[in-house]
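Input: a single structure, listed below in structure tokens.
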Amino acid sequence: MENEKFLKDKLLIILVAISTAIYFIWRIFFTLPIGHGFISLFFGLLLLLAEVLGIMNLVVNFNSFKKSKVLKPAKIRDNLFCNVDVFIATYNEPKELLRKTVLGCLNMDYPDKKKVHIYLCDDGKRDEIKELADEYRINYITRDDRKGAKAGNLNNALKNSSSPLVVTFDADMIPMHNFLTSTIPYFIKKSNKSNNSNIEFENIGFIQTPQSFYNPDLFQLYLFSEDSIPNEQDYFYKDVQIAKNSTNSPIYGGSNTVLLRKAIEDVGGFYTNSITEDFATGILIQNKGYKCYAISQVLASGLSPTDLKSLIKQRERWARGCIQTLKRLKVFSLTGLNRAQKISCIITVSYWYSCLKRLIYIISPILYSVFGVIVVRSTLYEALIFWLPSHLFINLFIKRMSKNRRNMSLSNIYESIMFQPLIPAVLLETFGISKKTFSVTQKTAKEDDVEYKIKLIFPYLIYIVFSFVGIFNTLNMMIKYKSLSPVLVLFWLLFNLYGLVMAVFFMMGRTRNRMSERFNAKINFLITTFNYKIPAITSDISETGFSFLLDFPEYISDKEDFEVEFHTNRHKVFAKAKIVFVKKQDDKWRYSAHITEISYEDKDKWLCIVYDRVPTLPTFVNENFNFYQTFNKNIKNRMHKQKTLSRSTPRISINQKIYIDKECGDAIVKDFNYNSVVLEFKDKNIALAKENDIVNIKIDNINFSCVLEDLSRFNNTNMRLFKITNIKDIINSINGRRKLKGWLKRHLIMEKRS
């Protein structure tokens, strides 16, 4: 199988290389609009330059992917796990967000936990954060000024600590229990002797783990695609970063990283002259000759930006910071970097110029179809021969290279969304108009500002209008001249239009319905309700609740709290909860519960249980993610309001004939939900005489005391809803519960057979 895969990959690479080489020879020598005026030639050359830059990125990334290497750590003895300093950098993040990160750090495994020194590095100098540090008995560090922003904060922490290894976490990044035991061994030399107190370290500058996120990022959320596409950063951290190992050029991402203190000291500390101090510091460490590695194992997860303004500010900072770093470090003159490392650095920075590339791709077909400016000289048949094979093979190659974490359609959407907001920042930074202040990405959920969204959407609407005009003109040309020659321009316009429309959908945003994120997780727990216990397994969990599946629709009161005991191999948690929703799911019953009461100590344990796991969001592009499905899903979800789920007890269909009394006669039990029963009578007025009376209904030797209620619900039918007043007495009786369960089981079996 491996040989077959290798041969297929090799064949695909050959096809991409040949088809792309042929395409560019054709583009350069036969398609430039020479003789059609200066404007045509100018935009024709711009388009060609954009294509060349795009293929250069592809070639360099391919070369790295081909040689990518995965480093495996050595197995080391417990006594070789050295002292380590854990820095949690914070400025204005909420206390409760930091609490989860602190708990994650305290929950990390280590042979000798006295060697793990946790520092809450607070650049906001806040009393409540000092109290948080005191509460968990960890170190608190602050300073009187904020020089150097985050880098200065970390440098201050270096001065106040001494361990040979340093871990950096952003305020929202929660490590899993195996973070240290999975990363520290990379740094320890195998040659260390057991009786040697001085531990020798490998020449490794840093180990970068993925920045994973437990909440859907805005691309997943705003496009209603949280079940069909991975986090936008997954491709970079799990594929591109690993490929960069081959040239010793992985990027230091600022968080979820272990660094050798000596390496940081050798470069004079964390670099303070760039708003992306992590990118710059990583380059300087590599320039000093240290080996640096990225690994794909997810060992921590954090909170992705939760509103549009924060996301765009974050991306503007990354773009400006990378361009700043390239210029201020004078990367070309760094003698410690080899050619491959410098090229890798340039490619990283050039990524941020893809906003200009996308602009050129969008305006080129508009220039031709709306304004008559020829950008490419070509016939339909020439394009099909020279362009189409290259396009198809490159698309397939991107999909294979990214392990299906990215494809051309998804890249089109990402670039279409971000190109317009990023262009000003990229151009200003390129021409030396720098942003000097460090902006902290907001980590608190908030609604997007309507005025801000309108400003963002407006340019896209202009592009969309011109695209529609171009489509109309192109179709008109095809009909008028009875020619298929403009069909590729039409395809180009439609491809761009799809990306632009998805960008507008994205900017429109989406209302969040959940206060906390939900994780798929199977945890054993025990329910205690009334005088009996129900063993169960969670299907998903969150900070505030959980859901579980039962084979039988058990009665768990939706009016009263019930007790739960959760058991994992690390924690035991006791709490009280309340059922908020019940529904049938295939042959099982799904219960959703809200935690109503939990002790302070158990709340901390519960947070550790919730976040000590790899996020359960998609890691690959789902086969359902395509033009039609994605567009249709956005239209459907934006036009129809989501229904609020309200049923809090299981409803079972019965359809059984019973006798009530002389006055009411026979009736048919239609359905039952523990709290009430629906009966169908021959005459809709029969039950009215019992409106305020207790009605004794006997079903299979089970006596239900009922009261007629909610007449309006079945006003024009023969059915009536009766509230059951003695359900607790039945459930609390062993004999009553046994009879009730047997009765319901028979009807469930009949329902399944029918």
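The values are calculated or read from the model by the stated rules, or taken from the named source; none is laboratory data. Keep in mind the model is a prediction, meaning the values are calculated, not measured. So basically every Cβ, Gly included, is an ideal-geometry build from the backbone, and we count neighbours across all protein chains shown. To get the accessible areas, we keep the full protein, side chains included, count just its heavy atoms, and leave off ligands, DNA and RNA. Shrake-Rupley method; radii C 1.70, N 1.55, O 1.52, S 1.80 Å.
Cβ-Cβ distances below 9 Å connect the following pairs, each with a first residue in region 414-432 that is closer than 17 Å to residue 309 by Cα, a second residue that is open to solvent by 20 Å² or more (accessible area, probe 1.4 Å) and outside any helix (DSSP H, G or I), and a separation of six or more residues or different chains: 414/406; 425/435. Among residues of region 459-500 being among the β-branched types (Val, Ile, Thr) and surrounded by 20 or more Cβ atoms within 10 Å (Cβ to Cβ), the one that is nearest to residue 310 (Cα to Cα) is 489. Inside region 110-128, residues that are open to solvent by 50 Å² or more (accessible area, probe 1.4 Å) and part of a helix (DSSP H, G or I) make up a count of 4.
Pull out all pairs, ordered by first then second residue, where Cβ-Cβ is under 8 Å, the residues are six or more apart or on different chains, the first lies in region 39-60 and is open to solvent by less than 50 Å² (accessible area, probe 1.4 Å), and the second is modelled with pLDDT under 85 and in a helix (DSSP H, G or I). Listed pairs, sorted by first residue: 58/397; 58/398.
How many residues does region 721-735 hold that are assigned to a helix (DSSP H, G or I) and surrounded by fewer than 18 Cβ atoms within 10 Å (Cβ to Cβ)?
Final tally of qualifying residues: 5.
For region 420-436, the set of residues classified as at pLDDT below 95 and open to solvent by less than 20 Å² (accessible area, probe 1.4 Å) is empty. Please indicate, with yes or no, whether at least one residue in region 201-208 is over 15 Å from residue 254 (Cα atoms), acidic (Asp, Glu) and either in contact (Cβ under 8 Å) with a residue 60 or more places away in the chain or in contact with a Cys (Cβ under 6 Å, 6 or more places away or on another chain) (or both). Looking through region 201-208, at least one residue is over 15 Å from residue 254 (Cα atoms), acidic (Asp, Glu) and either in contact (Cβ under 8 Å) with a residue 60 or more places away in the chain or in contact with a Cys (Cβ under 6 Å, 6 or more places away or on another chain) (or both). Summed over region 583-636, residues that are of a type in the set (Val, Ile, Thr), touching a residue at least 40 places away in the same chain (Cβ under 8 Å) and either within 30 Å of residue 105 (Cβ to Cβ) or open to solvent by 50 Å² or more (accessible area, probe 1.4 Å) (or both) total 6. Just one of the listed residues (692, 735, 716, 696) is modelled with pLDDT under 90 and out of contact with any strand residue (DSSP E or B) (no Cβ under 9 Å at 6 or more places or on another chain), namely 716. In this structure, residue 401 does satisfy being farther than 30 Å from residue 509 by Cβ and buried (at least 19 other Cβ atoms within 10 Å of the Cβ).
The set of residues in region 94-109 that are assigned to a helix (DSSP H, G or I) and open to solvent by less than 10 Å² (accessible area, probe 1.4 Å) comprises 98, 101, 102, 104, 105. Return yes or no: is residue 623 out of contact with any helix residue (DSSP H, G or I) (no Cβ under 6 Å at 6 or more places or on another chain) and either assigned to a helix (DSSP H, G or I) or more than 26 Å from residue 403 (Cβ to Cβ) (or both)? Answer is no for this residue.
Of all residues in region 157-180, none satisfies being in a loop (DSSP other than H, G, I, E, B), out of contact with any Asp or Glu (no Cβ under 8 Å at 6 or more places or on another chain), farther than 20 Å from residue 259 by Cβ and open to solvent by 60 Å² or more (accessible area, probe 1.4 Å). Any idea which residue in region 336-371 is nearest to the chain's Cα centre (by Cα), counting only those that are modelled with pLDDT of 95 or more, within 24 Å of residue 492 (Cα to Cα) and small (Gly, Ala, Ser)? Among residues in region 336-371 that are modelled with pLDDT of 95 or more, within 24 Å of residue 492 (Cα to Cα) and small (Gly, Ala, Ser), the one nearest to the chain's Cα centre (by Cα) is 364. Given the structure, is residue 350 of a type in the set (S, T, N, Q), in contact (Cβ under 8 Å) with a residue 60 or more places away in the chain, closer than 26 Å to residue 242 by Cα and open to solvent by 20 Å² or more (accessible area, probe 1.4 Å)? Yes; evaluated as a whole, the condition is true for this residue. The number of residues in region 151-193 that are farther than 22 Å from residue 613 by Cβ, touching a residue at least 60 places away in the same chain (Cβ under 8 Å) and among the small types (Gly, Ala, Ser) comes to 6. Could you check, for region 77-88, whether at least one of its residues is farther than 30 Å from residue 607 by Cβ and open to solvent by 20 Å² or more (accessible area, probe 1.4 Å)? Yes, some residue in region 77-88 is farther than 30 Å from residue 607 by Cβ and open to solvent by 20 Å² or more (accessible area, probe 1.4 Å). Scanning region 292-343 for residues that are of a type in the set (Gly, Ala, Ser) and either closer than 24 Å to residue 273 by Cα or crowded, with 17+ Cβ neighbours inside 10 Å (or both) returns 294, 300, 301, 302, 304, 310, 319, 321, 333, 336, 340. The residue that is surrounded by the most Cβ atoms within 10 Å (Cβ to Cβ), counting only those in region 189-234 that are in contact with a Leu (Cβ under 9 Å, 6 or more places away or on another chain) and among the hydroxyl-bearing types (Ser, Thr, Tyr), is 209. Does region 657-667 contain at least one residue that is in contact with a strand residue (DSSP E or B) (Cβ under 7 Å, 6 or more places away or on another chain), of a type in the set (Ser, Thr, Tyr), farther than 30 Å from residue 398 by Cβ and open to solvent by less than 60 Å² (accessible area, probe 1.4 Å)? Taking every residue of region 657-667 in turn, none turns out to be in contact with a strand residue (DSSP E or B) (Cβ under 7 Å, 6 or more places away or on another chain), of a type in the set (Ser, Thr, Tyr), farther than 30 Å from residue 398 by Cβ and open to solvent by less than 60 Å² (accessible area, probe 1.4 Å). Looking at region 491-514, can you tell me whether even one residue there is touching a Gly at 6+ places or on another chain (Cβ under 6 Å) and either at pLDDT 95 or above or aromatic (Phe, Trp, Tyr) (or both)? Yes, region 491-514 contains at least one residue that is touching a Gly at 6+ places or on another chain (Cβ under 6 Å) and either at pLDDT 95 or above or aromatic (Phe, Trp, Tyr) (or both).
Starting from residues that are open to solvent by 90 Å² or more (accessible area, probe 1.4 Å), assigned to a helix (DSSP H, G or I) and aliphatic (A, V, I, L, M), keep the ones in region 3-38 and report whichever is nearest to residue 398 (Cα to Cα). Lay out the reasoning, then the answer.
Of region 3-38, the ones open to solvent by 90 Å² or more (accessible area, probe 1.4 Å) are 3-8, 10-11, 18, 25, 29-30, 34, 38.
Now drop any that are not assigned to a helix (DSSP H, G or I), which leaves 3-8, 10-11, 18, 25, 29-30, 38.
Keeping just the survivors that are aliphatic (A, V, I, L, M) gives 7, 11, 18, 25.
On the way: 7: 17, 11: 14, 18: 16, 25: 22 Å.
Looking at the filtered set, the residue picked out is 11.
Considering region 501-582, the qualifying strands (runs of 3 or more DSSP E), each wholly inside and each with 2 or more residues that are open to solvent by 30 Å² or more (accessible area, probe 1.4 Å), run over 524-529, 532-541, 562-567.
What's the total number of residues in region 288-331 that are outside any helix (DSSP H, G or I) and within 18 Å of the chain's Cα centre (by Cα)? So the answer is 12.
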